[in-house]
Structure formats: C-alpha cells, structure tokens
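Here is the structure we will look at, set down as structure tokens.
What follows is calculated from the coordinates using simple rules that are stated; it is not laboratory data. Everything quoted here is computed from the prediction, not taken from an experiment. Cβ placement follows ideal geometry from the backbone for every residue including glycine, while neighbour counts extend to all protein chains displayed.
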Amino acid sequence: MNEIKIFCPATIANVSCGFDVLGLALESVGDEMVVRKTKSPEIRISKIEGQQLPMETNKNVAGVAASALLEKSNYEGGFEIEIYKRIKPGSGIGSSAASAAGVVWAINELLKRPFSKQELVTFAMQGEKLASNVAHADNVAPAIYGGFTLVRSYDPLDIVSVHTPKALFATVIHPQIEIKTSDSRKVLKANISLEKGIKQWGNLGGLIAGLFTEDYDLIGRSLEDHVIEPIRSILIPGFDEIKSRSLEAGALGCGISGSGPSIFALSKGEATAQKVASNMAAVYHGIGLNYETHVSSICPQGIKQIN
Ligand code: HSE
C-alpha cells in the first residue's frame, strides 16, 4: 500500500473532571487526510483544504508529528500529506489532535504497523506541543484508541482504554469564536486546594466506574468540574444558561469541551441528545451569536481508513 485515506475524529478532552487525562472520540465529526509514500526522505504537506494553516512541515502540527515518527523509524523514504479540515482550529474539539494523530496513524499503516498505539500517541503529542506549548495527550489518545481514554500517567506514558456505554451520545455546541488552547491555559492557576482535589478525584473515579458499569446516573453525578470550569467558563458566552438548559432537556451532564469555547453534554440516547442540541441552540439564537451544533455517538474505533 502506497497511499491511505483516513477519517480522524474530533475529540472532547477533559470531560469535566479529567483535566489533561480524560478524553473521548466523536463518531460523526472529524477531518479527512490522504497520506502517501514518497521516494524523497522528507515530510511534505502538499494540500490543505477547509482552513488557512501553515504548509511548512515544521510549523504544521501534522508535519511535526510525522517528523517525530520518521525520526524513530528506519524507513528510508518520506511522506506527502493532504489535509481536509472540517474541524475548526480553536473550537475545543481537538482540531490539532485530529491532524497530529491522523498523520502518525496513517504512516504506521503504510509502514505495516511498526509502532504501538501508545508510541503513536507520543509522536502525536509533539504536534500538540507545537499547537498549545504543552504536549497533552487527552485529545490524541482517544483519536488513536477510540472511545474514552484515560492518561493514567504522563511519565512514563500509560494510556488506559475505558469502556464506552452504547447508549451514550454527545452534543456539542460551538459558538463561532476562537479560543486558543495556549491562551485558555494561561488563565489557569498552577495549584489547587486539597478540598477541590478531593471533589475532583472523587468525580473522576465515579465517572470511570460509571462508564465501566454503564451506570448512567453515576456518570451524570460525576460530570462535575470544580477546578477548571469555574475559571474558563467566564470566557464562554452564555455558558451557565447553556448548561442549565442542557440539564433541563435531560442531559446527564454538561461542561466545557477541551479548552473551549465549545460546550459539550452527554446524554443517554440520541433523542435526548437532539433535544439538548435544540435547547443549547435556543440560547445562542436568543443572544444573536452564530453557532454550530453536533450530535454524535462515541466513536469506538478512533481513526479509520476510508475510501
Ligand atoms: N486538556 C487540554 C486543556 C485539552 O484543557 O487545555 C485541550 O484540548
């Protein structure tokens, strides 16, 4: 195989109580990419459609992630990359992660899988570092593994796949403003109180237990964020109202998707997730802010080959 076309899912990082450690992949929102082998031993971005992004390999997250892989590989050729962006940068649903994870997954397939998924995550994290100054893995891991993933440890890296209950659906609303992850990390405090820590790790444990046992009430009770949301939600117009309207519509829980400005909710069943989307949309309609909504199941498989 000399060429591969792939779908790279959008992802929701943090999932309220799991800042920098928890993430999930979406089934129906994502980018496409074509990656092909070339004789010349370099990474070249030959086409980007859908967004204005740098074509220079060392300034593009896909270029940097692919170069990190190539450095560790004994393959003597190179790769050419075409990126078809559907996920807007700065939207909070893992735009940079889709490009960084997609390219390393595709190259690994073309080279007949010399690297493990966890190794692919380490290469993709270099792309995240370029995008946000921090090599966080909570978007690239679910993109590569699918479903929900937990970064149990960064050093050494230890990624755990978490069971995804089938009836779980995500709703995302993206107000049409851009918040860079690097900026929304600058507003965070370096330390948290023990009191907040206790609440947060109680919820993270509860959420993981709820996912494995398919206990939707426990999932809902655990979707709380005492650390990040109170600070970052100030940057997102209408956040409190969107959250309360989502819960009114029957969502299990609602919070900031990644570093925002997108807001996500999880629901049991697609019908409820659709109701949540209309309630969310009504809020932005009311304040005259443009938005996009997505309703999606959780993508069990992550990045995949398409024709
Ligand atoms: N955990 C990261 C953050 C995710 O919240 O900054 C960014 O998508």
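Data overview
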quantity: Antiparallel content of DSSP bridges confined to the stretch 22-154, in %, to 5; calculated: 60
quantity: More than 22 Å apart - percent of Cα-Cα pairs taken over the stretch 77-214; calculated: 49
quantity: Max mean-square fluctuation residue, GNM over the chain, Cα-Cα springs under 10 Å, options SER193, SER153, SER95; calculated: SER193
quantity: Max mean-square fluctuation residue, GNM over the chain, Cα-Cα springs under 10 Å, options ILE192, ILE236, ILE87; calculated: ILE192
quantity: By average C-beta atoms within 10 angstrom, highest first, the peptides 100-106, 10-16; calculated: 100-106, 10-16
quantity: Once the Cα gyration tensor of the stretch 119-175 is diagonalised, semi-axes √(5λ) in Å; calculated: 22, 17, 8
quantity: Alpha-carbon Rg/Rh ratio, for the stretch 171-244, with Rh computed the Kirkwood way; calculated: 1.01
quantity: Gyration tensor (Cα) of the chain, equivalent ellipsoid semi-axes in angstrom; calculated: 32, 20, 18
quantity: Gyration tensor over alpha-carbon atoms, the stretch 159-307, equivalent ellipsoid semi-axes in Å; calculated: 22, 22, 16
quantity: Helix-only [θ]222 nm of the chain, DSSP H runs n ≥ 4, -39500 (n - 2.57) each, per residue, nearest 500; calculated: -11500 deg cm²/dmol
quantity: Nonlocal amide H pairs with ILE43, under 5 Å, H built at 1.01 Å; calculated: PHE79
quantity: Candidates ASP225, ASP158, ASP138: whichever shows maximal mean-square fluctuation once the chain is modelled as a Gaussian network with Cα springs under 10 Å; calculated: ASP158
quantity: Alpha-carbon Rg/Rh ratio, for the stretch 1-90, with Rh computed the Kirkwood way; calculated: 1.02
